[in-house]
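Notes to accompany the following structure.
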Amino acid sequence: MPSDPPPSTQGTTISLATALDRFEPTTKPAADWSAAQNWSAGQLPGASLIGVIDGVWASIDPGITLNANILLQSSTSAAGLIGNGGAIAFGTANQLSLVGTSDLFAEDSLINQGVIALAPAASAEIVVDIGAIAGLPGAAPPNLDNRGTIGVSSGAVLTIAGTQLENSGAIALDGGTLIVTDGATTNLNPSGTDGTISLIGTALASFSDAVSAQIFNFAPGASATLSLGDITLGAHLTLPGFGATDHLLLPNLPDATFALSGSLATIIPISALSQQNPPCFVEGTEILTTRGHVAVEALAPGDTVITRTGAIRPIRWIGHRLVTRHGQSLPAALAPVRISADAFGPGLPRRTLAVSPDHGLYFEGVLIPAKHLINGATITAANPPHRVRYFHLELDSHDIVLAEGLACETYLDTGNRSAFENGAPHFGRRKSWDSDAAAPLCTQGKILQKLRTSLLARAHARGFTRQFVTDLAVIIDGCAAKPLPGTALTRRFALPLRHGDCAEIRSAHFAPAAFDPESDDWRRLGVALTGLRIGRTRYAPDTLARSGFHPRDAGDPALWTDGAGVIAVPPRAQRLTLEIAGLPLAWRSHAPPP
């Protein structure tokens, strides 16, 4: 029996002193795990024998629970475990170590009650398919049920594809990457204990579907990234330890945000935001009254305003609130939208108007939230300040007043009055957009497209033109790498002789919808990369991407950064070449034509 030690498996619990039992299958057609003749020791692996499966697949029959030391490695080709028409179950004594490239494939479920550990730079995929019985209507989705521990070491990648992750145990990403695609992440444990996912160092955890009942622990001093594609279906998530160097990405939820209290971050989904963020005017906005234009904060109940139709109506209530983030920038859902003077036409508005993103602007019989009109030229998302004071006016009924000359809605109480500092208690009847609004709400369709087209035409007439932003930098160990001569489609950089294992591609960014009235793509896009060259070796961007990249669109040959894309670089790399397919757009302002 061979006695040579297995390769290094940092992060696993396998003892190097234990004898090896190699899987050398002879049974056909399936390489049966349970057949003793398939093992070099003539017996199944257990506590005293490490079962080494190198470059082959072992088939597990239904009903078998593995309690063994197992090493999957790929000296010649990928290794794996496959459920023979059923689930795979790891018992509490099971210790599975993954080295190189390996896969776990089961039907209905894969249950882990022990330890699964990925060695540094390992790559593993877990896929659970729907079996014949589980495919019946009403049956549970295929799932990975983690009740034990999963560890992912530095540089390792664990992908869970098309499978629901039910995590009531612990997942530790020690500089590694966890990717969960096309499956929700939750905890169905009746005890109600949330699962934990720890992010250490430069760890990355990315989820494309709903996530709930999970605690994401960020290690002190980490520079970890958590990407959540959909949080609207799950309960609030907590992020203890979340720090200034950590990153939270919500790529498909531009309106979602999170509240930070000390080192505890709580994610707030869109459904909650709709109740917390009523539309408002920023302090200093002047409203047309019977006394002329008066700053909103100087108004009081009983003052009379002039509406869009010329009616004179008294103010019944004025709500106010101060939004602050204790030294941190406000999220997009709370930061003001600034509308420059004359953006809609001469005197519309008469001077810069700042409103909250959801404040409705009146146009052709509908109310359009300001955030849907952002174009980056005449209507911009303000650089998020640390604090802003908002005010709103309530009349006897919802109406349209003139703020800096532009038609804007008054307050409609749909149940969010408590978001104001002076909003509670209030026992009046709540109102609805369907029956009480002064005009219908418009967030898509021809009217919105018409206004956005008109605003862009107005911006062009005022001297705004589009241009590509060609400047970009590579930041490594906090310093800019030295640029070298390149071409229109490449950027080359000299790296320091000694450096860390990652670099940031820093550039400007833009939203396609800000330049195209027919687009609804509000992603923050930086540069599009088709390839990366380190020395003479060419890599696909996906293989080196750590954080700050958008998922690749179907058929798109390039991978877009968000303006701060972090890539892995070998420690001794001296030259980095970026192959570029697209650059960010920006508006350039010229003096208006005579």
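Below are the figures for this structure:
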item: Simple spin-label estimate for K450 and L188 in nanometres, 7 Å along Cα-Cβ; result: 5.1 nm
item: Amide hydrogen neighbours beyond the local backbone of S123, cut-off 5 Å, H modeled; result: G100, T101, S102, V157
item: Dipole magnitude of the chain, debye to nearest 20 (Cβ charges: Lys/Arg +1, Asp/Glu -1, about Cα centre); result: 2280 debye
item: Segment R588-D436, length gained on full extension (0.36 nm per residue, minus Cα span); result: 50.5 nm
item: Portion, in percent, of the accessible area of segment 360-508 that falls on carbon or sulfur, probe 1.4 Å; result: 53 percent
item: Protection proxy ranking, peptides 448-454, 305-311, 525-531, average beta carbon neighbours within 10 Å, highest first; result: 525-531, 448-454, 305-311
item: Sites A161 and A295, calculated FRET efficiency, Cβ-Cβ separation with R0 51 Å, nearest 0.05; result: 0.35
item: Degrees between helix 446-461 axis and first principal axis of the chain (Cα, 0 to 90, nearest 10); result: 70 degrees
item: Aspartates and glutamates with Cα under 18 Å of K450, excluding same-chain neighbours fewer than 8 positions away; result: D342, E364, D516, E518, D520, D521
item: Nitroxide proxy distance, nm - points 7 Å out along Cα→Cβ at R552 and T352; result: 4.2 nm
item: Segment T181-A35, length gained on full extension (0.36 nm per residue, minus Cα span); result: 49.1 nm
item: Most to least packed among 375-383, 554-562 [average Cβ atoms within 10 Å]; result: 375-383, 554-562
item: Helix-only CD estimate at 222 nm, as mean residue ellipticity for the chain, using -39500 (n - 2.57) per DSSP H run (n ≥ 4); result: -1500 deg cm²/dmol
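The values are calculated or read from the model by the stated rules, or taken from the named source; none is laboratory data. Quantities reported herein were computed from a predicted structural model and do not represent experimental measurements. No Cβ is skipped: glycine too gets one built from the backbone with ideal geometry, and neighbour counts run over all protein chains shown. Accessible surface is based on the protein model in full, side chains and every heavy atom, while ligands, DNA and RNA are left aside. Shrake-Rupley method; radii C 1.70, N 1.55, O 1.52, S 1.80 Å.
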